[in-house]
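These notes are about the structure you will find just below.
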Amino acid sequence: MIDLKKEVQYVKGVGPARARSLNKLGIYTLEDLITYYPRDYEDRSIIKNIADVQDGEKCSIEAVAVSNINLRMLGRYKSIEKLIVKDETDTCMITWFNQPYIKTQIKRGEKYRFFGKITIKNGVRELNSPVFDIIEKNNNTGKIIPVYPLTYDIRASDIRKAIQNGLTLAGKLNEIMPEYILNKYNLIEYNEAMNQIHFPNDFESFRKARKRLVFDELLSMQLGLLRLKSENEKEIKGIKYDRNVNMSDVINDLPFKLTKAQLSVLEEIDKDMEKEKPMNRLLQGDVGSGKTIVAMIAAYKAVKSGYQVAILAPTMILAKQHLTNFEKILGKYGIKCEGLVGGMTAKQKRLALEKIENGEVDIVIGTHALLEENVTFKNLGFVVTDEQHRFGVKQRSSIIAKGKNPDVLVMTATPIPRTLALILYGDLDISIIDELPPNRKHVETFAVSRKLEPRINEFVKKEIDKGRQCYVVCPLVEESDDPDAPKLKSAVELGEEYKNEIFKDYKVEVLHGKMKAKEKDEIMERFKNGEIDILVSTTVIEVGVDVPNASLMIIENAERFGLAQLHQLRGRVGRGEYESYCILKCNGGNDLIRERMEIMTKTDNGFVIAEKDLELRGSGDFFGTKQHGIPEFKIANLFQDMETLKEVQSLAMQIISQDLYLEKEENKLLNILVKKRFTTKAELTI
């Protein structure tokens, strides 16, 4: 069998130029190519009589060309090509645009098979821009055709051909699943599954192929996570915190009341901290549910028991915000906090490192700078990672290694339905804050079309004139390779338009992920301080800086975002005393887009939204590696495949309980599968 790590450009028909287009889709190797699964399928195998086709129906027809191609030029580069075809039941007009070469491919009097969408106007049937074959061939019609996600510079037929050639080049693929599992769960063999997922003979073959590949993905993930959990649960001696240090000392002193959910979570954490076994707990809470105060109170117990605390934040500005808040709440108890972030002078950093090593600092709050080798703690006992999906297993491990089996609290604002969270985060215990503090403002949400843009702009001016501030979020930084790009305004483009035309009397700034960290932090700091009226941004503002004065969130091309992400973005406003609004601007409006936007306007419960997001979009987007923190799913849909997930979890628990490191002969293939899934990119994102 050929090396699957072979560069994709060496696949027949690809070459360097097309390889660059495939790279944009994340396809770099032969393996990437053959595991680039279809997002949908078109059944072009059913042939219909022209007279039986309904208006708007997509189907195949077999018909004879009864006219020559009528080619009409509309200027230098534009043209319309028309053809009349006929079967034994009726005639149909076929139209192509800007495809003059069709004239040489179709001959009058010959029979062809066409596939496309038929419209009926005044009794006349018309087929626009269909694909076609001569009857003896089945390249584009007469079978089930896979539909792949594309970029503007690669055609559907190109990627189909590349995958077909890739499968031929790969040859017969070796089995990756033990025989006892294949037999027990009635799974088809791997090679057949790979061929049938791309080019199924029929939908039953597709279902069997999908079942097999989903099973592989979910089982390897579960085995990896359960192994992590088992390793964590070994008889490792952790820290048993002082029972006489009471969290209530801080709780009763707070200028606000904690919610029942917060108190319940603190009780779980308190019990964990007083046990000898190291705590490994995931704290899930919606945007603004008050996870940070929970971390502070737990940190108080750790410090007063004689240990240091490390708080790992994903951005410099969030680390600074945490530092301010921790000092405000815990400073009165004689607890010393120190920041450790990029951008410090050499002298500031050296002094901070000395204090940490000498134990003069109780709580260290920082970014990735905390992970560096020269950061040495005197007595690290408690680690908090904020926004878990921004840090990988290796990063989490490297901070934990700076202490002696410290307790770990992992926080995330990405709501995941509880049953799913229990399965996904197999290596962690789970706490959920499922209610918002009473002072948290409801954010009025509206989904609108482009037609209302002038009214929205006036509303923005009105809010700013009241002294408020506004976020505007775009899906793109600059022009995109996406086929829909002409419809999308980038953050840079919109920022220029706002500065020079629509909001030229206001202070407008642009923020995006391609900027240097220092520049991003400076802009965010100025926005926080009220020096910027309108911040045009990409989703880099998704993770949490508090700007209580920001009352308006406008999301451009909201249909391009997942519901969970829209909910995260909406959570940036409503953090102060002012009425707050979120306006979702949409392009187009099919039923799915309308349904998704309606959910956003009707509920602000992150868990309801997350469940719906999973149901409507599947897990490919919802749990991408960047967002979530476990190896990416290429085919499994965690909503659709919940039954398989439960089945697989039960099997994984059984296997791990008998063979933790998958060393038995019968599990050797599983060991290879798990290692492959939890290394390289994936390892950084568990």
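The values are calculated or read from the model by the stated rules, or taken from the named source; none is laboratory data. As the structure is a computational prediction, the values presented were derived from the model and not from experiment. Cβ atoms come from the backbone with ideal geometry, glycine included; neighbour counts cover every protein chain shown.
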Check residue 211 against each of (1) crowded, with 20+ Cβ neighbours inside 10 Å; (2) within 27 Å of the chain's Cα centre (by Cα) and name the one condition it does not meet. (1)
How about region 336-366: which of its residues are touching a Cys at 6+ places or on another chain (Cβ under 8 Å) and not in a strand (DSSP E or B)? 361, 362
Of a type in the set (S, T, N, Q), surrounded by 20 or more Cβ atoms within 10 Å (Cβ to Cβ), closer than 22 Å to residue 106 by Cβ and within 37 Å of the chain's Cα centre (by Cα) - does that describe any residue in region 51-64? yes
Looking only at region 98-130, how many residues end up being β-branched (Val, Ile, Thr), outside any loop (DSSP other than H, G, I, E, B) and in contact (Cβ under 8 Å) with a residue 40 or more places away in the chain? 3
Among (1) surrounded by 18 or more Cβ atoms within 10 Å (Cβ to Cβ); (2) at pLDDT below 90; (3) in contact with a Gly (Cβ under 8 Å, 6 or more places away or on another chain); (4) in the same structural domain as residue 598 (by TED's automatic domain parsing) - the single one residue 474 does not satisfy: (3)
Given the condition surrounded by 14 or more Cβ atoms within 10 Å (Cβ to Cβ), among the aromatic types (Phe, Trp, Tyr) and modelled with pLDDT under 90, answer yes or no: does some residue in region 147-166 qualify? yes
Taking only pairs six or more apart or across chains, which ones have beta-carbon atoms under 7 Å, a first residue in region 250-270 that is of a type in the set (Ser, Thr, Tyr), and a second residue that is surrounded by 15 or more Cβ atoms within 10 Å (Cβ to Cβ)? 259/290; 259/435; 259/437
Options 201, 244, 252; residue that is under 30 Å from residue 177 (Cβ atoms), of a type outside the set (Phe, Trp, Tyr) and out of contact with any Phe, Trp or Tyr (no Cβ under 9 Å at 6 or more places or on another chain): 201
Being of a type in the set (A, V, I, L, M) and in a helix (DSSP H, G or I) is the filter; apply it to region 188-207 and report the residue that is nearest to residue 173 (Cα to Cα). 194
Restricted to region 131-170, and to residues that are assigned to a loop (DSSP other than H, G, I, E, B) and more than 35 Å from the chain's Cα centre (by Cα), which residue is nearest to residue 19 (Cα to Cα)? 138
In region 32-43, is there at least one residue being at negative phi, of a type in the set (A, V, I, L, M) and not assigned by TED's automatic domain parsing to the domain that holds residue 124? yes
For region 314-335: of the residues being closer than 18 Å to residue 385 by Cα, β-branched (Val, Ile, Thr) and in a helix (DSSP H, G or I), which is modelled with the highest pLDDT? 324
The number of residues in region 508-527 that are more than 25 Å from the chain's Cα centre (by Cα) and in contact (Cβ under 8 Å) with a residue 60 or more places away in the chain is 2
How many residues does region 256-278 contain that are under 20 Å from residue 412 (Cα atoms) and acidic (Asp, Glu)? 4
Restricted to region 274-308 and to residues being in contact (Cβ under 8 Å) with a residue 40 or more places away in the chain, farther than 29 Å from residue 565 by Cα and not assigned by TED's automatic domain parsing to the domain that holds residue 385, the residue farthest from the chain's Cα centre (by Cα) is 277
Within region 23-40, the count of residues that are crowded, with 17+ Cβ neighbours inside 10 Å and assigned to a strand (DSSP E or B) comes to 1
Can you say whether residue 79 is surrounded by fewer than 19 Cβ atoms within 10 Å (Cβ to Cβ), of a type in the set (S, T, N, Q) and either in contact with a Leu (Cβ under 8 Å, 6 or more places away or on another chain) or at pLDDT 90 or above (or both), as far as the supplied structure shows? yes
List the pairs whose first member sits in region 9-38 and is over 24 Å from residue 217 (Cβ atoms), whose second member is outside any helix (DSSP H, G or I), and whose Cβ atoms are under 8 Å apart, counting only residues at least 6 apart or on separate chains? 18/154; 19/7; 21/151; 21/153; 21/154
When you go through (1) closer than 25 Å to residue 529 by Cβ; (2) at pLDDT below 95 one by one for residue 360, which number turns out not to apply? (1)
Selection over region 558-587 where residues are part of a loop (DSSP other than H, G, I, E, B), touching a Gly at 6+ places or on another chain (Cβ under 8 Å) and not small (Gly, Ala, Ser) yields a count of 2
Scan region 9-22 for residues that are closer than 15 Å to residue 171 by Cα and crowded, with 17+ Cβ neighbours inside 10 Å and report the count. 1
Taking region 71-95 as the search range and keeping residues that are among the hydroxyl-bearing types (Ser, Thr, Tyr) and part of a loop (DSSP other than H, G, I, E, B), which one is farthest from residue 50 (Cα to Cα)? 77
Out of the residues in region 582-598 meeting the condition of being over 14 Å from residue 450 (Cα atoms) and surrounded by 20 or more Cβ atoms within 10 Å (Cβ to Cβ), tell me which one is modelled with the lowest pLDDT. 596
Kindly indicate the residue of region 513-533 that is touching a Gly at 6+ places or on another chain (Cβ under 9 Å) and on the phi < 0 side of the Ramachandran plot and also surrounded by the fewest Cβ atoms within 10 Å (Cβ to Cβ) among those meeting that condition. 518
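Kindly provide the set of residues from region 95-107 that are in contact with a Ser or Thr (Cβ under 9 Å, 6 or more places away or on another chain) and either at pLDDT 95 or above or among the hydroxyl-bearing types (Ser, Thr, Tyr) (or both), ordered by number.
Answer for region 95-107, where residues must be in contact with a Ser or Thr (Cβ under 9 Å, 6 or more places away or on another chain) and either at pLDDT 95 or above or among the hydroxyl-bearing types (Ser, Thr, Tyr) (or both): just 95.
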